[in-house]
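> Would you mind keeping the following structure in view while I ask a few things?
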Amino acid sequence: MSRLPLVLSIAALASASLPSCRSLPDKLPIQSAAAQDAAFSSARAAWDALPTGRRESPEQQLAYNSAMAGLLNAFKTWQSPASWSGTQSIGSWQVTFDAPSDSLATIAPAVCATVAPVPDPAPSTKDAPPAHTTGLGLPVVMKQPYQASRAASHKLFPLNGRHLPATMTANFTGPRSLTVSFHNTWNQNQTSLRNASRTLAADYAAAIHHSMDPKFLGAFSLKGLLHPEDTLEDAGLYLPFPCHPDKIPVVFVHGLNSDPHIWENAMREIASDPDLRSRYQPWYFLYPTGLPIHGSAAKLRRALTHALEHYDPDGKSPTLHQMVLVGHSMGGIISRLQVTDSGDNFYRAYFSSPPEKLLASSSTKRSVQENLFFKPAPHVSRVVFVAVPHRGSKIADMRIVAALTGLIQRAVRVDQFITDIARTAGNVLNPELLSFKDLGGRSVQNLSPRHPVLKAMDQRPVAVPYHSIIGIRKQGKPLPETSDGVVPYSSAHLDGAVSELPVPAWHSCTARPDVTTEIRRILRSHAHLN
């Protein structure tokens, strides 16, 4: 115990210039060789002070963690993370950077643009649940940048890069030699150090916050609504963390004029629960919300199939085929269409003649087949609906909304489809469509209670267990008379739900604690946890 104050003071000196990951910097001011050596000496002393075997010592653990901050600083002043591989000489020290034999357990720093310590407190959003664990090591965020040239081999890689939660440890193997590891704490919560199995310190909040960066993802909201063609190329399914073959995907789907960052708190809710962390992995679907609903649903359908073809081509990972979809508002309708057998209801929502007699171009016929005929996705096993207008919202029929809907620029393929249908099949169109401008070819129009697509969906059952979370803006009224300000209860309610939770909330409710804890409860039930 006598060396502990010295260890802490050296660690404080060595880590004094260490920045937070709020800006995720690449380089730090140059330190003197003496300060660099002090960081290594501090880490060595802290490692020596750790008790061996099963004994625990919070004070020594704190000293060790502080020393890791100084050691990380020394690495940063030496070289960028691109050089952190193999065995390197740093001053008089021999440093071996752990080469991960299992990329899901440890992360190679050499493939990261930045390795930054988690600040105290970590970046957060309102009502965000805590998402950290006390233990051994230095929690960091490791950023793997998106590179378009590697996109083909890095499937479903987020456009703003991957921000991975990790914890740095150092194990000394000789008087002036050590092995440094960066543990992927989403998948690993223990490590062996000095003949003892130790719980790793971890922080998930910072990595999730940077992954779901509202400034980056928020740029897609209005642009995707008004100019869907401009964001079509970026639409798709994205994995914030590398795919784990033994974890169930939770696929989050945002709603109209929105983007995936709304799910940050829900992802943190998963991260805060060790049982859920060990069983689930968050994915998200980004799409331009100005597209017709059935077009976006077809995109998600293809994206889910593509993901499984890539990550499980031989069908050896059954957990990947137990997906849970969580959809808000229009995203809930898109999610519902993944677990619906269309029958011919959706086709008849548009046309009165049989498909084989439809006069249209070959490309239009392909679009009809892809968008209006579908089966339940076999890899989706549960859906959570959050404030979903299953039967539409009267707001979509308001004059001012109808006028603003005209600002939505139709995507080229949608424009071609409508033009071709109007020219070649106008005489067999459902008359109800004629009351909508451009045959109701914009997403906002699809949300009208009068739209035939919603009527068709209401006639088809949901093929998997489902849950409803419904916003109730004003308390004290009978549920059928309530609303979340956008969606009435009568539209959000579905008979047959496994559970239904009314929450005192407006329509934008995905970040609320009562909503995220209900999602957590449902996921625990899905995984057969108490």
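> Taking only C-alpha pairs under 8 Å that are 6+ residues apart, what is the relative contact order of the chain in percent? Provide the component values of the computation, followed by the final result.
Values: 1091 pairs, mean separation 61.8, N = 530.
For the chain, the relative contact order is 12 percent.
> Quick one: Arg512, Arg399, Arg450, fewest Cβ neighbours within 10 Å first, how do they rank? Each step should come with its number before you reach the end.
Numbers: Arg512 21, Arg399 7, Arg450 16.
So the ranking, lowest neighbour count to highest, is Arg399, Arg450, Arg512.
> Shifting gears a bit: Using a basic spin-label model with each label point 7 Å from the Cα along Cα→Cβ, how many nm lie between Asp127 and Ser192?
Here the modelled spin labels are 4.5 nm apart.
> Using a simple spin-label model with points 7 Å from Cα along the Cα→Cβ vector, what separation in nm is obtained for Thr96 and Arg399?
A separation of 7.8 nm, rounded to one decimal place.
> In addition: How far apart, in nanometres, would the label points at Gln409 and Val111 be if each is projected 7 angstrom from Cα along the Cα-to-Cβ direction?
Output for this residue pair reads 3.8 nm.
> Right, another one. Going by amide H atoms built from the backbone, whose H comes under 5 Å of the H on Arg162, apart from near neighbours?
Gln144, Tyr146
> Please report the net charge: other residues with Cβ closer than 9 Å to the Cβ of Leu286, K and R +1, D and E -1. Kindly include the intermediate steps, with their values, before the conclusion.
Details: positive: none; negative: Asp234, Asp259.
Neighbour charge sum, excluding Leu286 itself: -2.
> Going by alpha carbons, how many degrees (0 to 90, nearest 10) lie between the helix axis of 33-49 and the longest principal axis of the chain?
90
> Right, next: For a footprinting-style exposure proxy, rank Tyr311, Tyr287 by other Cβ within 10 Å, fewest first.
Tyr311, Tyr287
> Please determine, in degrees from 0 to 90 and to the nearest 10, the orientation of helix 513-526 with respect to the longest principal axis defined by the Cα atoms of the chain, where the helix direction is its Cα long axis.
Approximately 90 degrees, to the nearest ten.
> Then there's this: What residues of segment 338-360 lie in the reach of a label at Gln459, counting those whose backbone N is under 13 Å from a point 7 Å from the Cα along Cα→Cβ?
342-353
> Convert each backbone phi in segment 104-109 into a coupling constant with the Karplus relation 6.51 cos²θ - 1.76 cosθ + 1.60 (shift: θ = phi - 60°), then list the ³J(HN,Hα) values in order as whole Hz, x for Gly and Pro.
Those phi angles translate into 7, 9, 10, 10, 7, x Hz.
> Kirkwood Rh over Cα pairs of the chain into Stokes-Einstein at 37 °C, 0.692 mPa s: D in µm²/s?
Reported coefficient: 131 µm²/s.
> Right, another one. Work out how much length Ser352 to Lys316 would gain on full extension: take 0.36 nm times their residue separation and subtract the Cα-Cα distance, in nm to one decimal.
Numbers: separation 36, 0.36 × 36 = 12.96 nm, distance 4.34 nm.
Difference between extended and current length: 8.6 nm.
> Right, next: Under the rule of at least 5 residues apart or a separate chain, name every residue whose amide H is placed under 5 Å from the amide H of Val118.
Val140, Val141
> Between Asp495 and Asp120, how high is the FRET efficiency from 1/(1 + (r/R0)^6) when r is the Cβ-Cβ distance and R₀ = 41 Å? Nearest 0.05.
0.25
> Sum -39500 (n - 2.57) across every DSSP H segment of at least 4 residues in the chain, then divide by the residue count to get the 222 nm mean residue ellipticity, nearest 500.
Using -39500 (n - 2.57) per qualifying helix, the result is -9500 deg cm²/dmol.
> Okay, moving on. Find the all-direction average of the projected area of the Cα convex hull for segment 313-465, expressing the result in square nanometres with one decimal place.
Answer in nm², one decimal: 10.3.
> Can you tell me the orientation of helix 362-372 relative to the chain, as the angle in degrees between its alpha-carbon axis and the longest Cα principal axis, to the nearest 10?
70
> Ok, one more. Taking amide H atoms as placed 1.01 Å from N in the peptide plane, list the residues 5 or more away in sequence, or in a different chain, whose amide H sits under 5 Å from that of Ser499.
Those lying under 5 Å, H to H, from Ser499 are Ser468.
Here, each number is a calculation from the coordinates, and none is a lab measurement. On a predicted model such as this, the values are computed, not experimentally measured, just so you know. Please note: Cβ atoms are built from the backbone with ideal geometry, for glycine as well, and neighbour counts cover all protein chains shown.
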